[in-house]
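Inspection log for the structure reproduced underneath, given as structure tokens.
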Amino acid sequence: MYSFLGGGLFCAGVGNILLIVSTATDYWMQYRHSNNYMHQGLWRYCTPGKCFTHTDSIAYWDATRAFMILSLLACFIGIIIGIMAFIHYSSFDRFDKTFAAGILFFISCFFVFLAMAVYTGVTINYYGKRYGNWRFSWSYIIGWVSVVLTFFSGMFYMCAYRMHECPRSSNPH
């Protein structure tokens, strides 16, 4: 059970760090404009030597930002509850902390998946039809890696929950 909890905490910790880096950095997409390479993230776009804040409130950026922030929060709370389950913290005995952490990691995975899907769909639809020289960049790729890591952290915690629950349910009263 502890190997699953440890693996889940490791995946969640790395996934949460990657979520922070992906959300905060400006390399979701790179494109060429006027013979200069430019890049943009969720918060800013950058030309060679200078970055500017997005002043337009475009719905897909707002949705992607919101889903990424919700994913960060769910993953962070899941890590806290996961640590409490790992060290057998005795408060909140009414609910299984292992199960709760696993559910929060799956919720985090779902939110970051929604963020990445919205961004991917709109970007390909818009830029793919209008511009030929653009590509997704490393911040975007890190976002997809965090989808996988938060999913596996949820899986590890659910496996730990099943291992912990099976001996209890096999004893008849």
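Any residue at all in the stretch 27-39 that's free of Cβ contacts under 8 Å to residues at least 60 places away in the same chain and buried (at least 16 other Cβ atoms within 10 Å of the Cβ)? Break it down into steps so the answer makes sense when it comes.
Restricting attention to the stretch 27-39, the residues satisfying the condition of being free of Cβ contacts under 8 Å to residues at least 60 places away in the same chain are 33-38.
Within this subset, residues satisfying the condition of being buried (at least 16 other Cβ atoms within 10 Å of the Cβ) are 38.
Yes, the stretch 27-39 contains at least one residue that is free of Cβ contacts under 8 Å to residues at least 60 places away in the same chain and buried (at least 16 other Cβ atoms within 10 Å of the Cβ).
Right, residue 71: touching a helix residue (DSSP H, G or I) at 6+ places or on another chain (Cβ under 9 Å) and either open to solvent by less than 80 Å² (accessible area, probe 1.4 Å) or at pLDDT below 90 (or both) or not?
Numbers: touching a helix residue (DSSP H, G or I) at 6+ places or on another chain (Cβ under 9 Å): yes; either open to solvent by less than 80 Å² (accessible area, probe 1.4 Å) or at pLDDT below 90 (or both): yes.
Spelling it out, residue 71 is indeed touching a helix residue (DSSP H, G or I) at 6+ places or on another chain (Cβ under 9 Å) and either open to solvent by less than 80 Å² (accessible area, probe 1.4 Å) or at pLDDT below 90 (or both).
Assess whether residue 117 counts as being more than 16 Å from residue 18 (Cα to Cα) and either open to solvent by less than 30 Å² (accessible area, probe 1.4 Å) or among the hydrophobic types (A, V, I, L, M, F, W, C) (or both).
Taking the combined requirement at face value, the residue satisfies it.
Would you mention how many residues in the stretch 1-41 are in a helix (DSSP H, G or I), touching a helix residue (DSSP H, G or I) at 6+ places or on another chain (Cβ under 7 Å) and of a type in the set (A, V, I, L, M)? Before the answer, list the steps.
Going residue by residue through the stretch 1-41, those that are in a helix (DSSP H, G or I) are 2-24.
Keeping just the survivors that are touching a helix residue (DSSP H, G or I) at 6+ places or on another chain (Cβ under 7 Å) gives 4-5, 7-9, 11-16, 18-23.
From the residues that got through so far, the ones that are of a type in the set (A, V, I, L, M) too are 5, 9, 12, 14, 18-21.
Counting residues in the stretch 1-41 that are in a helix (DSSP H, G or I), touching a helix residue (DSSP H, G or I) at 6+ places or on another chain (Cβ under 7 Å) and of a type in the set (A, V, I, L, M) gives 8.
Select from the stretch 40-52 the residues that are of a type in the set (Ser, Thr, Tyr) and either over 25 Å from residue 117 (Cβ atoms) or touching a residue at least 60 places away in the same chain (Cβ under 8 Å) (or both) and list them in ascending order. Lay out the reasoning, then the answer.
Taking the stretch 40-52 first, the residues of a type in the set (Ser, Thr, Tyr) are 45, 47.
Scanning the stretch 40-52 gives a single hit, 47.
Are any residues in the stretch 36-47 over 28 Å from residue 110 (Cβ atoms) and out of contact with any Phe, Trp or Tyr (no Cβ under 7 Å at 6 or more places or on another chain), and if so, which ones?
36, 37, 46, 47
Among the numbered conditions (1) open to solvent by 20 Å² or more (accessible area, probe 1.4 Å); (2) in contact (Cβ under 8 Å) with a residue 12 or more places away in the chain, tell me where residue 78 comes up short.
Unmet condition: (1).
Is it the case that residue 88 is surrounded by fewer than 14 Cβ atoms within 10 Å (Cβ to Cβ) and either at pLDDT below 95 or of a type in the set (Gly, Ala, Ser) (or both)? Write out each step before concluding.
On the way: surrounded by fewer than 14 Cβ atoms within 10 Å (Cβ to Cβ): yes; either at pLDDT below 95 or of a type in the set (Gly, Ala, Ser) (or both): yes.
Yes.
Being at pLDDT 95 or above, touching a Ser or Thr at 6+ places or on another chain (Cβ under 6 Å) and assigned to a helix (DSSP H, G or I), is that true of even one residue in the stretch 158-172? Step through it out loud before you land on a result.
Our first condition is that a residue be at pLDDT 95 or above; within the stretch 158-172, this holds for none.
No; the residues of the stretch 158-172 include none that is at pLDDT 95 or above, touching a Ser or Thr at 6+ places or on another chain (Cβ under 6 Å) and assigned to a helix (DSSP H, G or I).
Name the single residue, out of those in the stretch 115-143 being among the polar types (S, T, N, Q) and in contact (Cβ under 8 Å) with a residue 40 or more places away in the chain, that is nearest to residue 36 (Cα to Cα).
At the first step, the residues of the stretch 115-143 found to be among the polar types (S, T, N, Q) are 120, 123, 125, 133, 137, 139.
In the following step, the residues that additionally are in contact (Cβ under 8 Å) with a residue 40 or more places away in the chain were identified as 123, 133, 137, 139.
Working: 123: 20, 133: 11, 137: 16, 139: 20 Å.
So the residue we want is 133.
The values are calculated or read from the model by the stated rules, or taken from the named source; none is laboratory data. Treat the numbers as computed from the prediction; the structure is a model and nothing was measured. Note that we place each Cβ from the backbone using ideal geometry, even for glycine, and neighbour counts take in every protein chain shown. These area figures cover heavy atoms from the full protein model, side chains too; ligands, DNA and RNA do not enter into them. Shrake-Rupley method; radii C 1.70, N 1.55, O 1.52, S 1.80 Å.
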